[in-house]
1. Of the residues that make up segment 231-238, is at least one crowded, with 18+ Cβ neighbours inside 10 Å, in contact with a helix residue (DSSP H, G or I) (Cβ under 6 Å, 6 or more places away or on another chain) and on the phi > 0 side of the Ramachandran plot?
2. Within segment 295-311, is even one residue assigned by TED's automatic domain parsing to the domain that holds residue 380, at pLDDT 90 or above and more than 24 Å from the chain's Cα centre (by Cα)?
3. Among 169, 173, 207, 194, which is surrounded by 13 or more Cβ atoms within 10 Å (Cβ to Cβ), touching a helix residue (DSSP H, G or I) at 6+ places or on another chain (Cβ under 7 Å) and free of Cβ contacts under 8 Å to residues at least 40 places away in the same chain?
4. Taking the criterion of being more than 30 Å from residue 380 (Cβ to Cβ), modelled with pLDDT of 95 or more and in contact with a helix residue (DSSP H, G or I) (Cβ under 8 Å, 6 or more places away or on another chain), would at least one residue in segment 247-256 satisfy it?
5. Which residue out of 289, 270 is out of contact with any helix residue (DSSP H, G or I) (no Cβ under 6 Å at 6 or more places or on another chain), modelled with pLDDT of 95 or more and farther than 15 Å from residue 333 by Cα?
6. Suppose the filter is outside the structural domain of residue 140 (by TED's automatic domain parsing) and modelled with pLDDT of 90 or more; does residue 403 pass it?
7. Hey, does segment 392-399 have a residue that's under 29 Å from residue 266 (Cβ atoms), modelled with pLDDT of 80 or more and either out of contact with any helix residue (DSSP H, G or I) (no Cβ under 6 Å at 6 or more places or on another chain) or surrounded by 10 or more Cβ atoms within 10 Å (Cβ to Cβ) (or both)?
């Protein structure tokens, strides 16, 4: 290691535990700083007192939500070489002094960061922090969009549950509770009694060809009218909240779209199965470039690990566990690839035949086969981005020629 000092940081909301070691492992200082300007100035004084320049100091931070980002950005701009480690990885870098006891404290964590950095510095290249404010802002926006989407889904479930009590006849008549027609009906007549009180002309205007079915359902409903009327305000409150949340979700999406790398989104969307939404998610979470990542198959393997759908192997001697998806990675990217793989079965004949062969010939389960399709979609994505050309479906003859070249290459 070419650095003179190692600085480990475990950052919480209002405090940061810091340890400064020399490159030979001897400890210089350990203590707690505040996570504000005063804490930064105290850190500068500490480094000056120990004759440690940030340019000659290796900084290792344990990722803690968003709390570590401000420190990582500040230290990077000050000239330090900063590495951010996932807590799951940091937990495996067990300090030798704590190996038997297995204690867990912030002070032990920073000691583990410093010790692990000294031992595994050469393998930390992929964890180096890169200052990318624009991409980080895009990730935060996508996170907000997913939270809004999740909240809207919960509101819709709650609204439908209330509708089962207030106006179950609407559902019995097979009128979608979130359609424009349902909205007009509920605004004019939110209960079965209110619906029956409307004139026939008004009911025909509101329900159209579904009027007869709704009239019949209203005569068969068991809901007490007084109880239904008492619950109408709650249902309307949920309906208003649902509309407001839908508007916020639309505004958030409008904010995301101009920030996306348009050319990259277009390249990804050229692959069958990827739509504008899934392409946008992939462009958000993939690194700006794959420079230094090696060959395409190595890039695909690393992206697969990044999104957490690589196989998890457990074996000890003869016992071998079942292969399962690892699921320790970016969930949004994994979900987008799953959706793209599923859609490709409908829009891409090659993937549909591939999935059919996996199911019928290799006797794989649905999820297992779909994960294989996800890997194929990922290889396509990496190829498109590395070549910077839209996806082109190969003809059957081109595939045969390519398979022949591979076979002759292996024979040679």
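1. Looking for residues that are crowded, with 18+ Cβ neighbours inside 10 Å, in contact with a helix residue (DSSP H, G or I) (Cβ under 6 Å, 6 or more places away or on another chain) and on the phi > 0 side of the Ramachandran plot, one finds none in segment 231-238, hence no.
2. Taking every residue of segment 295-311 in turn, at least one turns out to be assigned by TED's automatic domain parsing to the domain that holds residue 380, at pLDDT 90 or above and more than 24 Å from the chain's Cα centre (by Cα).
3. Matching residue, one of 169, 173, 207, 194: 207.
4. yes
5. Within the list 289, 270, the selection yields 270.
6. Values: outside the structural domain of residue 140 (by TED's automatic domain parsing): yes; modelled with pLDDT of 90 or more: no.
No.
7. Filtering segment 392-399 for residues under 29 Å from residue 266 (Cβ atoms) gives 392-399.
Next cut, modelled with pLDDT of 80 or more only: 392-393.
Still in the running and either out of contact with any helix residue (DSSP H, G or I) (no Cβ under 6 Å at 6 or more places or on another chain) or surrounded by 10 or more Cβ atoms within 10 Å (Cβ to Cβ) (or both): 392-393.
Taking every residue of segment 392-399 in turn, at least one turns out to be under 29 Å from residue 266 (Cβ atoms), modelled with pLDDT of 80 or more and either out of contact with any helix residue (DSSP H, G or I) (no Cβ under 6 Å at 6 or more places or on another chain) or surrounded by 10 or more Cβ atoms within 10 Å (Cβ to Cβ) (or both).
Okay, residues lined up against (1) in contact with a helix residue (DSSP H, G or I) (Cβ under 8 Å, 6 or more places away or on another chain); (2) touching a residue at least 12 places away in the same chain (Cβ under 8 Å); (3) not in a loop (DSSP other than H, G, I, E, B):
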position: 2; (1), (2), (3): no, no, no
position: 18; (1), (2), (3): yes, yes, yes
position: 28; (1), (2), (3): no, yes, yes
position: 41; (1), (2), (3): no, no, yes
position: 48; (1), (2), (3): no, no, yes
position: 51; (1), (2), (3): no, no, no
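The values are calculated or read from the model by the stated rules, or taken from the named source; none is laboratory data. Given the structure is predicted, the values throughout are model-derived calculations rather than measurements. Please note: Cβ atoms are built from the backbone with ideal geometry, for glycine as well, and neighbour counts cover all protein chains shown.
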